[in-house]
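Visitor: Could you have a look at this structure, given as structure tokens, before my questions?
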Amino acid sequence: MGLLNLSGFGLGYALMRCWLRTVLCWVATGALLLVALPADPDGVAGGLVVAYLVVLVLAAVDGARIARRRAVGGSWRPMVAAVVGLVLLAVPAGGVVFYGSAQDEAVEQMLLDRLAKGDRTVEAASAKTFGAARGDYRSALAVYRELGEKHAGTRAGKLVPKRLDAYYRAVSAPYRQKKHCEAIEPLTYLRTVPEEIDPKLLGDLVGYPDVPLATSLYECGVSRLGDSAAGTESRELGELLRTFPGSAQAEKVGPAVSGKISEQSGAVRGSNPCAATETLRRLRATALSLPDKSVSALAGSADGSIENGVYACGLAEFKDKRFGEARQTLTEFAATYKKDKRRARARDIAIAAEIADTRAAAGKHLPPSGRPGGARMQLVISNDAPDGVEILYTGPVTGKVSIGRCGSCRSYSWVSGSLSACKAKGKSYPQVTLWLPAGEYHFLYKHRGGPSSGTSVTSYADGSKIQAGYRYTGCTYVTSSTSLGAGPTDSLSNT
């Protein structure tokens, strides 16, 4: 009878008509089934199982005790009861086996659900930029790593290699879409994945990112060569040359840089030499910054074109009436390229540009490139001002001269200046003599403001006509007025 009670259904008690004890066995078994089913991946709590086994053992012992004191119906013999009890033991044993199988299936489903969650994370991340999706990709990779390394024998674990292939395709999607600049960051990330997961799970994916990354670095860097976003192309091409120095893409960097320099060298003779020159400067800087010496050596091939481009840019700025920019460009050209045969010409145009910045008529056309022949007229300019003056002129010839300050001179009022300047008897004024061919001239007088002037002065521009057969004199002085301010002026007369 004790063995019959081990079935968990209290059959021993039932044969002995101990109905209360039979019901208690049913209650204990029912409670266990209620808690255990449906099967959970974590199984049944160990304490509950131990408690149930204790109940079964107690029921078996108690049933055996009662059976010794009470006779069971005639057709039942102890041997038959024992055999039936052993057969019925298959019921809980089979239940254990069934429950174990159900629990294994529950674990499989749990792991498959976890795999599906990782798949959904990858799918959602693929709709974002990599910068925004990086955290999602790392989260999904952690799921695949756990399933592939800790649950390799499960159905979910066996699916991990295929999921990793889809994972790589999702991360590297910008490369297949030929968005090479956008693809650099995710492809760089994929090269670190073998450090975070068992490389055996990746298989051939371990080396997959190398060629796409080299291609993306090259295509992106070359597309930005000479771009206004200074430094980006040298970063990408430099990374290519450092990371994949022997690759086919690295071998193409030199020809690409050389070709771009040649292209922009031709562009300095085009309609926008200033832009072409700036591009050449950036290309030169890029070449110098690259780690491959054969590429950095290409920087020198841009020097001559940059020199030509600066000069052409200054002329273009003058023709476009951007006189301040033309003056700066050509002044820098003359200061930088001292052996260039165009240096004197550049200085003349810079002078004309400075005058034209104040007097637009001086910039109607470029100064003549040659020196006219024929007679020259004398122009003597005296300075009746307490400060020095620089005089710039352009016309048939262009140049500039300086006159020192007149220590004993003073500022004039607006009225007295034109009547009295440079006319004091017996007084010697600082002066300069120019010999000019006939023609229309534009002058710019730049007073320097001497220590005893007692006033601030500004530049002043004027125009004059030089005619053959005359001798000309001029006087420069400054005027001051509490109501009108101060400004330089000049007087030019012929005799």
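The values are calculated or read from the model by the stated rules, or taken from the named source; none is laboratory data. Quick caveat, the model's predicted, so the values are computed rather than measured. Note that we place each Cβ from the backbone using ideal geometry, even for glycine, and neighbour counts take in every protein chain shown. Note: accessible area is taken over every heavy atom of the protein model, side chains too, but ligands, DNA and RNA are not part of it. Shrake-Rupley method; radii C 1.70, N 1.55, O 1.52, S 1.80 Å.
Visitor: To check my understanding: the extent here is largest minus smallest coordinate of the Cα atoms along each principal axis. What are those three numbers for segment 293-357, in Å, largest first?
Guide: 46, 22, 12
Visitor: What Kirkwood hydrodynamic radius do you get for segment 321-458 when you take the inverse of the mean 1/r over all pairs of distinct Cα atoms, in Å?
Guide: 16.6
Visitor: Measuring with a 1.4 Å probe in the full set of protein chains, what accessible area per residue, in whole Å², belongs to segment 296-377? Could the numbers behind the result be given before it?
Guide: On the way: 4260 Å² over 82 residues.
In whole numbers, segment 296-377 has 52 Å² accessible per residue.
Visitor: How large is ³J(HN,Hα), in whole Hz, for each residue of segment 128-142 in order, when computed from phi with the Karplus curve 6.51 cos²θ - 1.76 cosθ + 1.60 and θ = phi - 60°, using x for Gly and Pro?
Guide: Here the 3J(HN,Hα) series is 10, 5, 5, x, 7, 9, 3, x, 5, 4, 5, 5, 5, 5, 5 Hz.
Visitor: Distance between Cα centroids, segment 112-181 to segment 367-405: provide it in whole Å.
Guide: 79
Visitor: Moving on to the next point. Using the Karplus equation 6.51 cos²θ - 1.76 cosθ + 1.60 (θ = phi - 60°), what ³J(HN,Hα) coupling, rounded to whole Hz, does each residue of segment 317-324 give in order, writing x for Gly and Pro?
Guide: Karplus-based 3J(HN,Hα) across segment 317-324 equals 5, 4, 5, 8, 6, 9, 5, x Hz.
Visitor: For segment 368-436, I need the span (max minus min coordinate) of the C-alpha atoms along each principal axis, in Å, sorted largest to smallest.
Guide: 41, 22, 20
Visitor: Next up: For segment 195-276, evaluate the Debye formula with one uniform point scatterer on each Cα (no solvent term) and list log10 I(q)/I(0) at q = 0.13, 0.18, 0.20, 0.24 Å⁻¹, rounded to two decimals.
Guide: Log10 I(q)/I(0), no solvent term: -0.53, -0.80, -0.90, -1.08.
Visitor: What is the spin-label model distance, in nm, from Lys150 to Lys179 if the labels are put 7 Å beyond Cα along the C-beta direction?
Guide: Result for the modelled spin labels: 3.4 nm.
Visitor: Can you give me the accessible area per residue for segment 189-281, using a 1.4 Å probe, in Å²? Display every interim value, and only then the final one.
Guide: Details: 4300 Å² over 93 residues.
On a per-residue basis, segment 189-281 sits at 46 Å².
Visitor: For segment 152-307, what % of the accessible area comes from carbon and sulfur atoms, probe 1.4 Å?
Guide: For segment 152-307, the apolar C and S fraction of the accessible surface comes to 51 percent.
Visitor: Ranked highest first by the average count of other Cβ atoms within 10 Å around their residues, in what order do 151-164, 363-376 fall?
Guide: Sorting 151-164, 363-376 by mean packing, highest first, produces 151-164, 363-376.
Visitor: How do 384-395, 113-124, 197-208 rank on mean C-beta neighbours within 10 Å, highest first?
Guide: Working: 384-395: 23.3, 113-124: 16.5, 197-208: 14.8.
Ranking the peptides 384-395, 113-124, 197-208 by packing returns 384-395, 113-124, 197-208.
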